[in-house]
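Quick note: the coordinates plus some simple rules give every number you see, no bench work behind them. Keep in mind that what you see is a predicted model, and the values were worked out from it rather than measured. So basically every Cβ, Gly included, is an ideal-geometry build from the backbone, and we count neighbours across all protein chains shown.
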C-alpha cells in the first residue's frame, strides 16, 4: 500500500514544489510522472501477487476514518494515469506548438494526477466528493490556459460541474442521514429498497453522469475539450471523465440493491446505445477537427455505459472486464488522437477538418497516429478496442433474444468508422501547397503515435488484463 501512496504523494509534492520553483517545471513534472509510474507499476505487481490491500488513514477505521483500498483495478488505473501523464508531460515540454509552456499547466497537471490517484484509492462517498471537486476545479483552470476563446466553455463547464457536485452531495447526505455511514462496504451491507435510497441514487447518478459527460448530460464536453490546449484535451478525454464513471460503477454494483440496479442497468444500456449513435453523428457532421475528436469521446463512452448497464441488468461479472478494457483502450487512443490532431491543426494553420486534405503527404506520421488510434475506436483487431468489444459481444451473440443490443454495437461501429474514415479519406487526397509558416515537429508526431501503438499491442497482454478485471466485478 505504501507504493500506491507514493504514486499519489509524488505528484502532490511536485505540485506544491512548483508553486515556489518555476524554473524547469516541465522537467520536474516528467521526473515526477516517471517516479509515480514506477511506484504504480510496483503496486500493481504487489497486489496481483498478494491480493487486495487496505489502509485506514490516520489509523481510524471506518465509519469514523477514511479507508483506501488497493485492488487490481485501482492499481491498474494508477499505472494508466501515471503513464498518460508522463506521455502528455513529455509532449507539453518538447512540442514546438505546445500552448502550455511557461504557464500554470505544470502544477495544475500534478494536482490533477494526485486527485485522480486519490479517487482510484478512496472507498468513501464524501472523500469521492472532495476528489471530484478537485478534478473539476483543476480541469476548468487548465482549460482557461488557452486564453479568452476558452473562457465561455470553461465557465459553462464550471457551472455545470458545480451543479453536478450539488446533486452528488445531496445524495450523499440522504444516504448518510438514513444509514449513518459513508464507507461503501458498510453501506453495501445496509442499503434497502426505499424512497430515500432511490432518491439518493438518482441524485448521485445525475451528478456523476453530468461530470462524466455521459449521454444525455454531455453538452458541455465538446466545446470544453476542443477549446483547451492540446495537452489538456488529451488529459481531459483520457482521464478526467473516467473518474466519475469509476464512482458510478461502484455506486451501482456495490451499494445499490439488486432490485434497483437491474432496472437502472436497462436505462444505462439504452443511454449507451443512443450515445454511440448521437455522438457518432455529431462527430461526422462537425467541420472542426478537435471537436470531432471530442464528440467521439461522447460516442465511445457509450460503449462503457452499455457495458455498465448490461453488467447491472444481468449481474454478469465478466462484463466488468469489457467496461474497463473500453476505458483503458479509449484513454490511450484519445491521447494519440488529440496529440496528433493538435499537431496537425497547429502546423497546417487551420482548425477545420478540410485542412487535412493531403495530410498523408504533408504530415504522414501524425496522420498515421490518428488513423491507428481511430482503428481502435472502430474496434479493428487486434487493438484494445477490439478486445473490449469482443468481450462485450460474446454474451450478446450467445442468446438470440439479445440481438437488439448486438445491433446497437454494430451500428455504433459503423458510426465510428464513418467519422474516422471521413478524416482518413480526406488525408489521402492530393495535398494543397503548404502554408508559409509550415514547420512540422517530427518528435511530437512520433510521440502522438506511441500510445496508438500501445493500444494496438493490448491484445498481446489481454489475457491477464481480462482475468484481473473480471475479478473486480460485482
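For the stretch 22-49 and the stretch 231-287, write down the distance between their C-alpha centroids in whole Å. Spelled out, the Cα-based centre of one part sits 28 Å from the other.
What FRET efficiency would be calculated for the residue pair residue 453, residue 430, taking the C-beta separation as r and a Förster radius of 41 Å, to the nearest 0.05? So, using R0 = 41 Å, E works out to roughly 0.90. Sorted on the mean count of surrounding Cβ atoms within 10 Å across their residues, most packed first, peptides 3-11, 104-112 read 104-112, 3-11. Residue separation of residue 318 and residue 259 scaled by 0.36 nm, minus their Cα-Cα distance, works out to 19.2 nm of gained length.
Put simply, when 129-141, 334-346 are sorted by average Cβ atoms within 10 angstrom per residue, most first, you get 334-346, 129-141. Once C-alpha pairs closer than 8 Å and six or more residues apart are averaged by separation and normalised to the residue number of the chain, the relative contact order reads 14 percent. Estimated purely from DSSP H runs of n ≥ 4, each contributing -39500 (n - 2.57), the mean residue ellipticity at 222 nm for the chain is -24500 deg cm²/dmol once divided by its residues.
Would you mind classifying the stretch 1-97 by shape? Square roots of the alpha carbon gyration tensor eigenvalues, ordered a ≥ b ≥ c; an a/c under 1.5 is rounded, otherwise it is prolate if a/b is larger than b/c and oblate if not. Judged from the Cα gyration tensor, the stretch 1-97 comes out oblate (a/c at least 1.5, b/c at or above a/b).
Need one word for the stretch 120-183: rounded, prolate or oblate. Basis is the Cα gyration tensor (sqrt eigenvalues a ≥ b ≥ c); a/c below 1.5 gives rounded, then a/b vs b/c decides. Spell out each step's value before the answer.
Working: a/c = 6.47, a/b = 2.32, b/c = 2.79.
Verdict is oblate for the stretch 120-183.
Computed over the alpha carbons of the stretch 282-325, Rg followed by Dmax gives 13.7, 41 Å. If you look at the Cα atoms of the chain, you get an Rg and a Dmax of 21.2, 68 Å. Diffusion coefficient (Stokes-Einstein, Kirkwood radius over C-alpha pairs, 37 °C, 0.692 mPa s) for the stretch 29-172: 196 µm²/s, rounded to a whole number.
Extension gain residue 460-residue 156, at 0.36 nm per residue separation less the Cα-Cα distance, in nm?
Taking residue 460 through residue 156 to full extension adds about 105.3 nm, to one decimal.
Each residue, residue 402 and residue 418, gets one label point 7 Å from its Cα in the Cβ direction; the gap between the two is 2.6 nm. Most tightly packed first, judged by the mean number of other beta-carbon atoms within 10 Å of their residues, the peptides 408-416, 390-398, 378-386 read 378-386, 408-416, 390-398.
Need one word for the stretch 282-372: rounded, prolate or oblate. Basis is the Cα gyration tensor (sqrt eigenvalues a ≥ b ≥ c); a/c below 1.5 gives rounded, then a/b vs b/c decides. It is prolate, given that a/c is not under 1.5 and a/b is the larger ratio. Extents of the stretch 1-55, largest first, come to 41, 19, 8 Å (Cα atoms, principal axes, whole angstrom).
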